[in-house]
Structures are given as structure tokens and as C-alpha cells.
1. Within region 108-118, does at least one residue satisfy the condition of being on the phi > 0 side of the Ramachandran plot and assigned to a strand (DSSP E or B)?
2. Considering region 41-52 alone, what residues qualify as being over 9 Å from L28 (Cβ atoms), open to solvent by 10 Å² or more (accessible area, probe 1.4 Å) and in contact (Cβ under 8 Å) with a residue 24 or more places away in the chain?
3. With the requirement that a residue be open to solvent by 20 Å² or more (accessible area, probe 1.4 Å) and farther than 23 Å from R258 by Cα, what does region 203-230 give you?
4. With (1) among the acidic types (D, E); (2) surrounded by fewer than 17 Cβ atoms within 10 Å (Cβ to Cβ); (3) within 28 Å of N22 (Cβ to Cβ) as the list, and E107 as the residue in question, which single condition is left unmet?
5. Could you check region 181-209 and list, in sequence order, the residues that are closer than 25 Å to I284 by Cα and either of a type in the set (S, T, N, Q) or outside any loop (DSSP other than H, G, I, E, B) (or both)?
6. For region 248-260, check the following and say yes or no: at least one residue is in a strand (DSSP E or B) and under 20 Å from T27 (Cα atoms).
7. Please go through (1) among the small types (G, A, S); (2) touching a Lys or Arg at 6+ places or on another chain (Cβ under 8 Å); (3) assigned to a strand (DSSP E or B); (4) open to solvent by less than 30 Å² (accessible area, probe 1.4 Å) for A136 and return the number of the only condition it doesn't satisfy.
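The values are calculated or read from the model by the stated rules, or taken from the named source; none is laboratory data. On a predicted model such as this, the values are computed, not experimentally measured, just so you know. Using ideal geometry, Cβ is built from the backbone for each residue, glycine included, and neighbour counts are taken over all protein chains shown. Calculation scope for accessible area: heavy atoms of the full protein, side chains included, ligands and nucleic acids excluded. Shrake-Rupley method; radii C 1.70, N 1.55, O 1.52, S 1.80 Å.
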Amino acid sequence: TLTLLTAAIAQAHAGPLAYVSNEGSGTLSVIDTATDAVLYELPAGAKPRGAVISPDGRRAYVSDQPGNRLVVIDLAARRQAGEIPLGESPEGLGQSPDGRWVTAAVEEANEIVFVDTRTLTKSFAVKGKVRNPGHAVFSPDGRWVLVSAEEGGAVDVIDVEKRRQVTQIPVGTRPRGIGFSPDGRRAFVAAEMSSEIYVINTQTFTVQDKLMAGPKSNGISVHPDGRRVFISNGGDATVSVLDVDRMALIATIPVGQRPWNMALTPDGRKLYVACGRSGAVSVIDTETQQRVADVAVGKLPWGVVIR
């Protein structure tokens, strides 16, 4: 029955699905990226923030900030299938490439919680040196998790196998979004209060480059070809485009108000930007570098994940 339901849902839309967490309305808006139409909405806790989708497409995992929990959603049945306690004020989520681990950045505990998706239980937590962590992102090989936080100007590095923080990388003030190059050799970090982008060498865990971005740079999305990085700028409602080879910003694209976290379609042709104060997702054609649509979603969209 589950297989038939999954097949029926797949036939009902033409493109990959974008899942938008709306912290003001407690929902996930589900967008067909082929038509840029909202297909339906799913309940996702009181104030959903981070979200990831399992590799098989059967589950969504969503952090519910006031509920201090991870909400598990059965996507075929379109209903909640469980919840896992995380600690006070969870924010961004990460997922290992094989789907085994979901990480949650838990602000008040200053730790990263690792949830085992095979048992749907909290397996372990890692204390870092950063305070009020907001994002915890896996490297493409699943070996490392990089952690950004609201307080301080550094990124923690967690060794997943050793289950501990192993080093810290100084960056600008209030690091936010993190993205890896496809080969995992570089990581890009947006520092919101200093409005900078930091490029980290992941072999040495040192900063190899930095440059000014737009005001209050926040979200990061790396194109699948690794040649461009997109940065949301909350201070002026734009997205900047970084040419990685030239290490220079080559375009600034207007979007909705308070752009935050973003996601690219698997082919890299479209970028979906959660614009909190607009109650919408701005859609960018990455080839023309133009905004092509604004999709109305729930209140205060926080982020987007695409599968």
C-alpha cells in the first residue's frame, strides 16, 4: 500500500518537491518545482524551522523550536509519524549522505544532537565551543559536521566517528549558513553581522579566502557544478552570486523581504529562497540569474529543502 501511495504521489507532480518550513503558521508548504505551484500543506509542529527529507523520500524531519523536539512526518500518509525530544530551542537540521543521522543544532544546550533514523531515537550529543548553534551541516563524505552559531565568530568542527568537537575555525561575526563544494574540499560560511563570506579549506580547516557579501549575509547554497555559490542577504532583500573560480561576486538578484535559507533543484537550474517577511518563496532561474516567480506559502517561511 505504501509503495502504491508513493507512486501515486510521484505521478501527481512533474518536478522535484520543495518543502518550505513556515515558522509562523506551523506548516510545511509543498511546492512542485516544475510548475511552482503549492500542492498542499502539512502540519509540522508549533514553530518549524530546520527540515530534511530522508533519501528514500518517505519521511520529513522537522525541528519544532518551542516544542523542543524533532517531528517525524510520513510523507505518503501526510501525517505526523512520531517525535523525538531534542532539548530546548532546536534550529537547523543536517542529514548524513546515507540518511542514517539527522543532526539538530540545539541552542540553549549548546550542543548538536545526533538522531539515529533507523531507531528514531536520540543517539548522542556533542558539546561544542560555539554558543547558540544554528546550523549543523554534514560534509559530502559524512565524516565531518560543521556548526555555526549566533554568538561568537567561529565554526566548530565535529568528527562524526569520534563523536566530539575536534577544532574551531575563526570567522566573522555571527556565522550562519554553511555549504560545501561538491567534492567536499571547501566549505562556504556566511557571517551575518560582518556581512562576509568565508571560504574554508576542509583539509586543513583554515580560512583560505574571504570577501564582503551583501548586508546581513545569511543563507548559503552551492551549485551542483561547484562553480557558483548563492548567498541570501537579509539586510537588502537580495541574493548574491559568487563566482568560485574568480572569487568575486558577479550578480545581485532582488528577492522578497528577509531572505533566509535556500535550496537548489538537483539539476541546479532553479533556486528557492525563503523570504520570511514576504510570506513567500522567491524562485530564481540560475542560468539567467533572474527572479522568475514568487510563490505564496505560510507565515514566516524559514527555510527550504528539495528532493
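1. no
2. Step one: of region 41-52, the residues over 9 Å from L28 (Cβ atoms) are 45-47, 49-50, 52.
Then keep just the ones that are open to solvent by 10 Å² or more (accessible area, probe 1.4 Å); that gives 45-47, 49, 52.
Across region 41-52, the qualifying residues are G45, K47, R49, V52.
3. Residues satisfying the conditions are Q203, T204, F205, T206, V207, Q208, D209, K210, P224, D225, R227.
4. Of (1) among the acidic types (D, E); (2) surrounded by fewer than 17 Cβ atoms within 10 Å (Cβ to Cβ); (3) within 28 Å of N22 (Cβ to Cβ), only one is false for E107: (2).
5. Residues satisfying the conditions are S181, R186, A187, F188, V189, A190, A191, S195, E196, I197, Y198, V199.
6. Within region 248-260, one or more residues are in a strand (DSSP E or B) and under 20 Å from T27 (Cα atoms).
7. That leaves (2) as the condition not met.
Residue-by-condition table, conditions (1) surrounded by 18 or more Cβ atoms within 10 Å (Cβ to Cβ); (2) more than 30 Å from D116 (Cα to Cα); (3) at pLDDT 95 or above:
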| position | (1), (2), (3) |
| --- | --- |
| I158 | yes, no, yes |
| F180 | yes, no, yes |
| A190 | yes, no, yes |
| Y198 | yes, yes, yes |
| N201 | no, no, yes |
| V244 | yes, yes, yes |
| M247 | no, yes, yes |
